[in-house]
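This report refers to the structure that appears directly beneath it.
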């Protein structure tokens, strides 16, 4: 995939002459919410963090609510959690602000924010568009 095509697909608002790495980072956030949340509260919490990203100059690339899943080990005496994955790009200083907001939230059991490299960004874009990535399971 040509870099200009990838640039236009992933960051359409950015002027073509600027370098992406100068002012934006690509990130993926996984949050495990407490399983006692109602469906409305779960969606409200997702919307809260998505709007926090947008309000601080970021852009949502993709949201993926996984729903209720079993935890590998109990956290706060809970064996399940509501998973949510958010792929976004934001200014490089944004993750610290997001961390502060998440740590203040009592409905969050765990979270992990990961900075994506160019290969992960391209892989995620291919996966969303339906292009074979070579990691699909072969039907038995």
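The values are calculated or read from the model by the stated rules, or taken from the named source; none is laboratory data. Since the model is a prediction, treat every value here as computed from it, not as a measurement. Methodologically, a virtual Cβ is constructed for each residue, glycine included, from the backbone with ideal geometry; neighbour enumeration extends over all protein chains shown.
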Subject >> Filtered residues of region 106-123 (kept if touching a strand residue (DSSP E or B) at 6+ places or on another chain (Cβ under 9 Å) and more than 13 Å from residue 29 (Cβ to Cβ)) >> reply: 107, 109, 117, 118, 120, 121
Original post:
What is the one condition in (1) part of a helix (DSSP H, G or I); (2) touching a strand residue (DSSP E or B) at 6+ places or on another chain (Cβ under 9 Å); (3) over 12 Å from residue 29 (Cα atoms); (4) touching a residue at least 24 places away in the same chain (Cβ under 8 Å) that residue 95 does not satisfy?
Top reply: (3)
**OP:** Name the residue, out of 63, 87, that is under 23 Å from residue 40 (Cβ atoms), in contact with a helix residue (DSSP H, G or I) (Cβ under 8 Å, 6 or more places away or on another chain) and outside any loop (DSSP other than H, G, I, E, B).
**Re:** 63
Original post:
Of the residues 57, 17, which is part of a loop (DSSP other than H, G, I, E, B), loosely packed, with under 12 Cβ neighbours inside 10 Å and either in contact with a strand residue (DSSP E or B) (Cβ under 8 Å, 6 or more places away or on another chain) or at pLDDT below 95 (or both)?
Top reply: 17
**OP:** Read through the list (1) surrounded by fewer than 17 Cβ atoms within 10 Å (Cβ to Cβ); (2) touching a residue at least 24 places away in the same chain (Cβ under 8 Å); (3) more than 13 Å from the chain's Cα centre (by Cα), then give the number of the only condition that residue 114 fails.
**Re:** (3)
**OP:** Please verify whether region 127-135 includes one or more residues that are touching a strand residue (DSSP E or B) at 6+ places or on another chain (Cβ under 8 Å) and without any contact (Cβ under 8 Å) to a residue 24 or more places away in the chain.
**Re:** no
**OP:** Mind counting the residues in region 27-48 that are farther than 20 Å from residue 78 by Cβ and assigned to a helix (DSSP H, G or I)?
**Re:** 2
